[in-house]
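S.K.: Provided herewith is a single structure, encoded as structure tokens, for subsequent inquiry.
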Amino acid sequence: MDTINKIRPATLEEAFDLKPAKSANIIELKSVNIFDSSDIDNNDGVIFSQNSIYKNKPFIEANTQEIDLYQLKNDCIIPVFSKDNEKTIAHQEFIDITQDCISKVFSHQSFMQPEIRVSHQIKGRTPDAIYKNAKDLLDHERTQYFERMAFIIRIPGITDSINGNELSLTIGGVRAYNQENLYNKKTFEKFKFFIGFQNKVCCNLCVWNDGFVDDMRVSSYQELHGKIMNTLTEYNAQQYLLEMKEFSDYYLTEHQFAQLLGRTRLYQHISKTEKQRLNIPQLTFNDSQLNTIAKDYYEDESFCKDDNGEINLWNVYNLFTQANKSSYIDTFLDRNLNAFEFNKGIQKTLNGNSDYHWFLS
């Protein structure tokens, strides 16, 4: 596996010699099991699918909009730290560095162009348009950047299947300028980064703690590159897949699911002191998302209850990750991780050993 070379301070392009990543076209071919991925030599820019056509859905919805890398690079300005005018690491640079790391760690795999979602547009104008009314501004007189950005990059040649759902290895990150103090001098900048899987049936992301860095603090391109490389190389995909596969072996009755949903609603209104006294683990989903889970228990085409009202924990997990798509970008990955931890806790409760027993009591 490639190591990271020491490099002098330089521009992003000089430092990493970044080039457009290999893109993949959607072509119907056989799937490749994650455990045999070392034998793959996929240099043809091809997505391996399981003889199925999947509906293209965004990995996050909420108030986001889709944007491509070209637009980020050409249509958006780059924010600075106002007290010293030092530039931030821009959204597109975060994505470029991630693609460079992927090409090193997964050197025998093709990967897709990044899917990018942005929100919270920050508008501005050029100095020569200072006295114009907003409605009179020309396109070249408007400036913009997006406060929050999330992206994913799929590696379609590395897949596995759980409960009949094909999963594809997926890497991505979140950048939220609202978590930076842009009115001060440049300091460490914060990023969220993950490697996990995406359920192709619903485009839900599957993230666990070993593949998620909630607070990646860096001061340079080199640090960001190094920390992303560490996360990618230390990720244990097989262990995560085995843990997710266990979800499909555990079932909740209709009564247990109703009990679970009722407790999650009560959780929203219990005081912090009472939660500590009862030793109740954290649940970060809000009432609106719990409503979505309740509705999808009956209506979701892929993950609803069976004819007896029972539902396995794999489907429950996907109901949670589906509801999470309504989260804002800056809380999206945190809630995705919480969905896995919550369902893992319920699984342990069904085995008689978990702090999550309150939710089923």
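The values are calculated or read from the model by the stated rules, or taken from the named source; none is laboratory data. These numbers come from a predicted model, not from an experiment. No Cβ is skipped: glycine too gets one built from the backbone with ideal geometry, and neighbour counts run over all protein chains shown. These accessible areas exclude ligands, DNA and RNA; they are computed on the full protein's heavy atoms, side chains included. Shrake-Rupley method; radii C 1.70, N 1.55, O 1.52, S 1.80 Å.
S.K.: Over region 216-359, with every protein chain in place, what whole percent of the accessible area is carbon and sulfur at 1.4 Å, could you tell me?
M.R.: C and S atoms contribute 42 percent here.
S.K.: Also, quick follow-up: Ignoring the sites themselves, what is the longest stretch of the chain with no chymotrypsin sites (Phe, Trp or Tyr not before Pro) in a DSSP loop and at most 14 other beta-carbon atoms within 10 Å?
M.R.: 189-361
S.K.: Another one. Region 218-260 to region 188-217: how many Å between their Cα centroids?
M.R.: 8
S.K.: Scan the chain and note any complete DSSP helix (H) whose C-alpha atoms cover at least 30 Å along its axis and whose Kyte-Doolittle average is -1.0 or more.
M.R.: Passing helices, by number: 329-350.
S.K.: Could you work out, for region 158-261, what percent of all Cα-Cα pairs fall into each 5 Å distance bin, beginning at 0 Å and stopping at the bin that holds the largest distance?
M.R.: Using 5 Å bins, I get a P(r) of 2, 10, 17, 17, 15, 12, 10, 7, 5, 3, 1, 0 for region 158-261.
S.K.: Now a separate question. If you place +1 on the Cβ of every Lys and Arg and -1 on the Cβ of every Asp and Glu, how big does the dipole about the Cα centre of the chain come out, in debye to the nearest 20?
M.R.: Dipole about the Cα centre, nearest 20: 1120 debye.
S.K.: For the charge dipole of the chain, defined by +1 on Lys and Arg C-beta atoms and -1 on Asp and Glu C-beta atoms about the Cα centroid, which residue among LEU283, THR170, PHE106 has the Cα displaced farthest towards the positive pole?
M.R.: With unit charges placed on the Cβ atoms, the residue in question is LEU283.
S.K.: In the chain, once you exclude exposed trypsin sites (Lys or Arg not before Pro) (DSSP loop, at most 13 other Cβ within 10 angstrom), what's the longest stretch remaining?
M.R.: The segment 186-361 is the longest one with no such site.
S.K.: By the scheme Lys and Arg +1, Asp and Glu -1, what is the net charge of all other residues having a beta-carbon under 12 Å from that of LEU137?
M.R.: +1
S.K.: In sequence order, what are the phi-derived ³J(HN,Hα) couplings for region 76-83 according to the Karplus relation 6.51 cos²θ - 1.76 cosθ + 1.60 with θ = phi - 60°, rounded to whole Hz, with x for glycine and proline?
M.R.: In residue order, the calculated couplings are 10, 7, 10, x, 10, 7, 5, 7 Hz.
S.K.: Heavy-atom accessible area per residue, the chain, 1.4 Å probe: how many Å²?
M.R.: On a per-residue basis, the chain sits at 49 Å².
S.K.: Can you give the calculated 222 nm mean residue ellipticity of the chain, where each DSSP H run of n ≥ 4 adds -39,500 (n - 2.57) and the sum is split over every residue, rounded to the nearest 500 deg cm²/dmol?
M.R.: -10000 deg cm²/dmol
S.K.: Using only the Cα atoms of region 248-359, build the gyration tensor, take square roots of its eigenvalues as a ≥ b ≥ c, and label the shape rounded, prolate or oblate: rounded if a/c is under 1.5, else prolate if a/b is larger than b/c, else oblate.
M.R.: Cα axes put region 248-359 in the oblate bin.
S.K.: Something else: Over all alpha-carbon pairs in region 65-243, figure out the percentage whose distance exceeds 31 Å.
M.R.: Cα-Cα pairs of region 65-243 separated by over 31 Å account for 24 percent.
S.K.: Give me the percent of DSSP beta bridges within the chain that run antiparallel, rounded to the nearest 5.
M.R.: 95
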